[in-house]
Each structure stands twice: as structure tokens, then as C-alpha cells.
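A short write-up of the structure that comes next.
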Amino acid sequence: MNYIDDDSPWDADPNPSHTHQSEWSKITSDFTNAGYREGITAGKESALQTGFDAGYTQVGVPLGREIGLLRGAALALMTFIDSPQLLQPPEVLAEAQREIQSISAQLSDIRFSDIVPRDLEAEAHAREHLADDEGDLPVNGLDENGFVQNEEVTERRKMEQLEDMMSSFGTSPTPSSNLPRPGPEDVKVTRVRLLQVARTLGLELDLD
Amino acid sequence: MDVDIESLVHLEQSYAVTRRSLLSLMLRSRFYDEGYKDGFAHGRIHGLIEGRALGRTKGYEMFEELGFYEGFSLTWKKIYESTGGSEDRAIHNIRVLLDTIARFPRTNPSSSRTSLESDPSAEVDIPKLFRQIRARYKALCAMLGVRPSLRATGSDFQEDADGGESMQLDSGSKPKKVWEVDSVGKRTAGPQQLSF
């Protein structure tokens, strides 16, 4: 009587070629995956600095400087407007002061995330990940929306969400969280307004 | 002829083992290399993306502050020019401040490392430069009778209580001249930690 059925793991392999094939695939995929894992780490490290330098020079510096210049100029004008040297009529000065305050408020509301251009390559790559469904590989750095995930950027985004929440607790009848966020176009408009108000005070500013 | 069957069997077995080992090595090399190549290409894309995101953030943070000092100084310079003001000390301070800000690198020095190696005098001490710029700005504000604050226009930045760096500048004894990615040997710190 045969006590060992066909499915028993103790049984001799009924299909040796099949086993051989699966062992072969396992070995090759193990080697490939091991290489892939080490390759991805090495590749990432080899490119981080290049990416950092490009992001710093092409986007971070010009964008930050643009906003900084406007904010600094707005503060300078704000401190200058009380100067006794200004001979403009009081109503002109009062109007200029209101305009500078409004510009300052607008500038202080602008965040990096409002004006930073999209990283199209990152978004395209995130879409590839979604299509390939390579979740089992040790690949990360992008979330499902294509945004780059790293601790600092994530922390910043969380902080901004918190700020939005806090402002919605205020007494303002129209919480700022309900208003659309400013964008690059608003920076341009604010810049024109700032140069205009400086002109009314007799200053031709060059903020390039 | 006296043939030792046992030794023949042994020889054949060791030959088979050697052949298997060789085959295994070749396989390992071939499939590992293929995987490594694909992984490296994929990793480069991720490295570029993550590096770019960090470079954008850091560049923005630093120049949001530096641009603020620059815009403030430029405007006051213009005010003095247009009103014929003769505040010599303030004008002098503005010029020095603008010159110092202009020395701040707008490209990461690491990308021109070869030129730095050939000319060490071209190296920039970032934390020191930042300290000088902040001190100059404070001095200018004192001369103008303005309260030195980045918050006047709602900037996200503020200096530490002790007047130190608000950004993660390396305060080690050896000043860093470039923004460097952690080397492979220091991987525990995480590849995201680009140092300043």
C-alpha cells in the first residue's frame, strides 16, 4: 500500500525538468535582484550631487533671490516712507504706505511650494513607477503623485498644512485656507506694484 | 592494468563540483552585472530627482534670506542716491554688504571642484560669509534706525537666539567649502543629508 500521495513533499520529484527550471529562474532572479539593489544605491549616490547642484543653481537660487529682493525692497520702502525728506502730499504718502503694506502681506504669503516649477522628469518617472508597479523593489523617493519624498520636503509640506489649519482658526471671516494660493504670476504682479509704488516716492528701482 | 575505480569516481565528482562552481560564478557575474547595470541607471534617475529637490530647497532658503538683504540694501542705496543723502557710513556699509552678498556662490562650488583644487584661494567659507552678511545687515539697520528683522515682511527665517546660523551649516572646526553628498562610507546618515 502506498502511503505517500503525489503531493507529498517527501515524494521524489515527479517532474525533474520543471524543478530544474524553477531553480534556475530563482537563482538568476536572485542574482539579478542583488545586482539591481546594489546598482540602484550606487547609481543614486553617483547622481545626488549633480542633481543638487542643478536644483540649487537653476531653480533654488534665482527663485529665492527674486522673492528675497522684493521683500527686502518692500521693507526698505516701508521704513523710508516715514522719512521727512519725502515731499509728496500726505494723501499720496498714505496711499503709498497702504500699497506697500499690501505688497508686504502678499509677499509674506508666498511660499516656496507656491512658485517652484514642477519637476517634470520626477513626475514622468513617478508615472512610470505606477505603470510598472515595481513596488517590491527597493525604490522610493517619489510618492503616488510624483512628488519627491524626502524628510525635509515632507516636513515642510506638513508645516505648511499646519499653518493653513491655524489660519483657518482665526477670526477672519474668510479663512485664508479657502483662498487660492499665490503663484508665479502673482510674484510678477507684485513686483510691478512694488516698482510702481517706489516710482511714486521718486525711486527708480532696479531689482534684477 | 590496475585501475582504482574509487579514485576515478572521486575525480569525476570533484570535476563536477568544480564545473558547477565555475558555472555558478559565471552566472552570478552575468546576472548580477545585468541587474547592477539596470539598477544603476534607475538609481541615477532617483538620485538626480532627489538631489534636485534638495538643491532647489536649499538654494531657495539661502537666497530668500540673502536676496532680502540685497533688496533692502539696493533700495536704501537708491534712496541715498536720489535724495542726495550723505550718510557716508551707511553708504559705505551698503557697498560692503552688497559686495559680500555678490561673493556668495550662486552655483554650488562642488561643480567646479577641479578649479578649486588648482586654485585654493577660490574657496569660499560659506558659514563665515553668512555671518559677515548678517552682521553687516544688522549694522546697517542700526545706522538707519531700523529694527533688524527678517520677520518684517513675514519671512520664514529667523536667526537663532544666539545669533547663530538658522540653516544647517556645518559648525565643525573645519569649515566646509562645498555642499557634499555623504560618501558611501557614511551611508547611515542617509543619502538625503547633503551637508553645507
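The values are calculated or read from the model by the stated rules, or taken from the named source; none is laboratory data. Keep in mind that this is a model prediction, so the values were computed, not measured. Ideal geometry is used to build each Cβ from the backbone, glycine not excepted, and the neighbour counts take in all protein chains shown. Ligands, DNA and RNA are excluded from the accessible area calculation, which covers all protein heavy atoms including side chains. Shrake-Rupley method; radii C 1.70, N 1.55, O 1.52, S 1.80 Å.
Each row is one residue, and each column tells you yes or no for (1) surrounded by fewer than 21 Cβ atoms within 10 Å (Cβ to Cβ); (2) more than 30 Å from A:GLN49 (Cβ to Cβ).
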{"site": "B:GLU6", "(1), (2)": "yes, yes"}
{"site": "B:HIS10", "(1), (2)": "yes, yes"}
{"site": "B:LEU27", "(1), (2)": "yes, yes"}
{"site": "B:GLU34", "(1), (2)": "yes, no"}
{"site": "B:ALA41", "(1), (2)": "yes, no"}
{"site": "B:GLU50", "(1), (2)": "no, no"}
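Only one of the numbered conditions (1) of a type in the set (Val, Ile, Thr); (2) at pLDDT 70 or above; (3) open to solvent by 60 Å² or more (accessible area, probe 1.4 Å) is violated by A:THR171, and that is (2). In the range A:35-55, the count of residues that are among the hydrophobic types (A, V, I, L, M, F, W, C), open to solvent by 20 Å² or more (accessible area, probe 1.4 Å), within 13 Å of B:HIS46 (Cβ to Cβ) and in a helix (DSSP H, G or I) is one or more.
Inspection of the range A:80-88 identifies at least one residue that is modelled with pLDDT of 90 or more and within 8 Å of chain B (Cβ to nearest Cβ). Among residues of the range B:59-82 being at the interface with chain A (Cβ under 7 Å from one of its Cβ atoms) and open to solvent by 10 Å² or more (accessible area, probe 1.4 Å), the one that is nearest to the chain's Cα centre (by Cα) is B:GLU61.
Within the range A:133-149, which residues are closer than 15 Å to B:GLY43 by Cβ and either over 9 Å from the mean Cα position of the chain (by Cα) or at pLDDT 75 or above (or both)? Show your work before the answer.
In the first step, residues of the range A:133-149 are kept if they are closer than 15 Å to B:GLY43 by Cβ; the result is A:134, A:137-142, A:148.
Correct list: A:GLU134, A:LEU137, A:PRO138, A:VAL139, A:ASN140, A:GLY141, A:LEU142.
For (1) farther than 30 Å from B:GLU123 by Cα; (2) within 7 Å of chain A (Cβ to nearest Cβ), each residue gets a yes or a no:
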| residue | (1), (2) |
| --- | --- |
| B:ILE5 | yes, no |
| B:ARG19 | yes, no |
| B:TYR36 | yes, yes |
| B:PHE40 | yes, yes |
| B:GLY47 | no, yes |
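Taking the listed residues A:ILE110, A:ILE103, A:ILE115, the one that is modelled with pLDDT of 90 or more and over 15 Å from the mean Cα position of the chain (by Cα) is A:ILE103, with no other qualifying. When B:THR100, B:THR75, B:THR114 are checked against the criterion of being hydroxyl-bearing (Ser, Thr, Tyr) and at pLDDT below 85, a single residue qualifies: B:THR114.
Given the criteria at pLDDT 80 or above and part of a helix (DSSP H, G or I), does B:SER29 qualify? Yes: the conditions hold for B:SER29. Considering (1) in contact with a His (Cβ under 9 Å, 6 or more places away or on another chain); (2) within 17 Å of A:PRO62 (Cα to Cα), the lone condition that B:ILE101 does not fulfil carries the number (1). Does A:SER25 satisfy the condition of being open to solvent by less than 60 Å² (accessible area, probe 1.4 Å) and modelled with pLDDT under 85? Yes: the conditions hold for A:SER25.
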